[in-house]
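Enquirer: For reference, the structure I am asking about is given below.
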Amino acid sequence: QRQPFGDELAKWQDHQWQAGPIINGQRLQSADPRLIHCPAKLEQTVGQVFDASAAIAHQAIAAAHTGFTQWHKVPVEQRAQTLEKLADLLEQNSGELIALCVREAGKTLQDSIDEVREAVDFCRYYALQGRQLCAKPQLMPGPTGESNLLSVEGRGVFACISPWNFPLAIFLGQVAAALVTGNTVIAKPAEQTSLIAGRTVELMLDAGVPDYAIQLLPGAGAVVGQLLSDDERVAGVCFTGSTATAKRINLSLAQRDGAIVPLIAETGGQNAMIVDSTALPEQIVKDAVHSAFASAGQRCSALRVLYVQDDIADRVIELLQGAMAELRVGYPGHYASDLGPVIDANAQHKLLAHIEHISEQGKLIYQTPLPKKIDGHFVPPSLIEINSIADLKEENFGPILHLVRYPAKDLAQVIDAINNTGFGLTLGIHSRNEGLAQSIASRVRVGNVYINRNQIGAMVGVQPFGGQGLSGTGPKAGGPHYLQRFVTERTVTNNLTAIGGNANLL
Ligand code: UN1
């Protein structure tokens, strides 16, 4: 099933892409492009990016603001059909998009294939949900002689600020949600994955998204983000990234004079898996290894702390080491690689520093060896025993699994410690005691609970995804309520009897 991508990928192996701001359909360039290097092969360039300046960001806001007066009038059916056309174009161009995910983001082939699939699913699912949400909702009949209509409309300009770890799926998920609900969009992708974003916006324009409805601002991180949060013409912000950045955006929005502006934020996690001694060790290990190390641990859903009941802990550790020894770290474009690199030098250094620091406090149990002669931002998958989730001061966004032993009598403290992190994204539970599993599930305050399986890879429309507390605002992405905060409602009551005194004449 995977093989057909072989030839298609080879075609894009040396291709050099180019991206820059897209304002009203115009592709802008500047004097000094930024070169993008593959995080798994540092000598290899993937293309070049013209970063947006503050002046260009102002142009984007003006274009999106004017564009709203037009997009606002386009019926939801047409907006939804445009997304469905885009889904078709993504599928037709999947070879190129997969190659871009591999080469620019360092994602494995399987992750890259899944990424395109998820982007397609977001387009189709939000098209469906958009039609339902924006349809004319039924109201109760009012007094005779009055008409009452409720309309569900876009808010205006939405800023969509997205991360590098799902450079296509989350980038497009946000944008698709904002567009189908009738907003115009300013997209600010992560600077590490500007090429994927640029190519995706080109496909959007090809699919028939009008050039006034989508503006792209690659690069220029914090400056542009701040500018978008401060500008009175931006009517809403959709953000996926760190908790600290979400708080900064929230603060800027709160200080606006003109309106109370919604923020939809999906942020970090300190995700645990709780394993009791009735669980099957082999299954625990398979699911823990996948949850912690797939995508090199660069998912906000990824497992960070494995709580194992003490009487099976030695056995689980032994099996974990065996499974980690089998993990193949390597070039993400090879079918055999389980893990690729982390995104950049900064991420690599932070993770290596964390491994060193936390191993002094706890105990480094095992590290999967990295292949020799590998020139990229690789971090060895690492298993480290610690005393409590409270030992971790922040989210460690990489292939690091912490393990804590607990005696059965301390389960309540384990649950308290997890809740006390303030994060609330994913929780894994492994137990063959269904009653206990359900009881744990109800006591840990998280957005997504997974029982007896891995805890990543939420599917659009199947497992709505998103957290609470420090992990985000909701509503859940890929769920039936996600679109609600992108819209505003208007009730129009019209006293028909006031005109000529006889409604029947109208
Ligand atoms: C993220 O990593 O930013 O369930 C969120 C999952 C993905 C997580 C996406 N939907 O693994």
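The values are calculated or read from the model by the stated rules, or taken from the named source; none is laboratory data. Values in this document were obtained by computation on a predicted structure and should not be read as measured data. Virtual Cβ from ideal backbone geometry, glycine too; neighbours counted across all protein chains shown.
Yes or no, residue by residue, for (1) surrounded by fewer than 22 Cβ atoms within 10 Å (Cβ to Cβ); (2) in contact with a Lys or Arg (Cβ under 8 Å, 6 or more places away or on another chain); (3) of a type outside the set (Phe, Trp, Tyr):
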| residue | (1), (2), (3) |
| --- | --- |
| Thr108 | no, no, yes |
| Ile113 | yes, yes, yes |
| Tyr126 | no, no, no |
| Gln138 | yes, no, yes |
| Pro141 | yes, no, yes |
| Asn148 | yes, no, yes |
| Ile161 | no, yes, yes |
| Gly173 | no, no, yes |
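Enquirer: For the range 426-498, list the strands (runs of 3 or more DSSP E) that sit wholly inside it and hold at least 1 residues that are aliphatic (A, V, I, L, M) and free of Cβ contacts under 8 Å to residues at least 24 places away in the same chain; which are they?
Expert: Filter on the range 426-498 gives 448-451.
Enquirer: To continue, here is another question. State yes or no: is Val487 more than 14 Å from the chain's Cα centre (by Cα) and closer than 27 Å to Ser277 by Cβ?
Expert: Judged against the criteria, Val487 is not a match.
Enquirer: Report the residue count in the range 439-498 for those that are in contact with a His (Cβ under 9 Å, 6 or more places away or on another chain) and among the acidic types (Asp, Glu).
Expert: Going through the range 439-498 one residue at a time, the tally reaches 0.
Enquirer: From the list Ala207, Ala259, which residue is closer than 24 Å to Asn93 by Cβ and small (Gly, Ala, Ser)?
Expert: Just a single option satisfies the conditions, and that option is Ala207.
Enquirer: Which of the residues spanning the range 264-282 are of a type outside the set (Val, Ile, Thr) and more than 13 Å from the ligand (Cβ to nearest atom)?
Expert: Gln270, Ala272, Met273, Asp276, Ser277, Ala279, Leu280, Pro281, Glu282
Enquirer: Report yes if Gln348 is away from the ligand (no atom under 16 Å from the Cβ), among the polar types (S, T, N, Q), under 30 Å from Leu35 (Cα atoms) and assigned to a helix (DSSP H, G or I), otherwise no.
Expert: yes
Enquirer: Here's a follow-up. From Val285, Val308, which residue is more than 16 Å from the ligand (Cβ to nearest atom), without any contact (Cβ under 8 Å) to a residue 60 or more places away in the chain, crowded, with 17+ Cβ neighbours inside 10 Å and not hydroxyl-bearing (Ser, Thr, Tyr)?
Expert: Going through Val285, Val308 in turn, the sole match is Val285.
Enquirer: Okay, moving on. Could you tell me which of the residues Asn495, Asn419 is at pLDDT below 95, away from the ligand (no atom under 16 Å from the Cβ) and polar (S, T, N, Q)?
Expert: Of the residues listed, the single one that is at pLDDT below 95, away from the ligand (no atom under 16 Å from the Cβ) and polar (S, T, N, Q) is Asn495.
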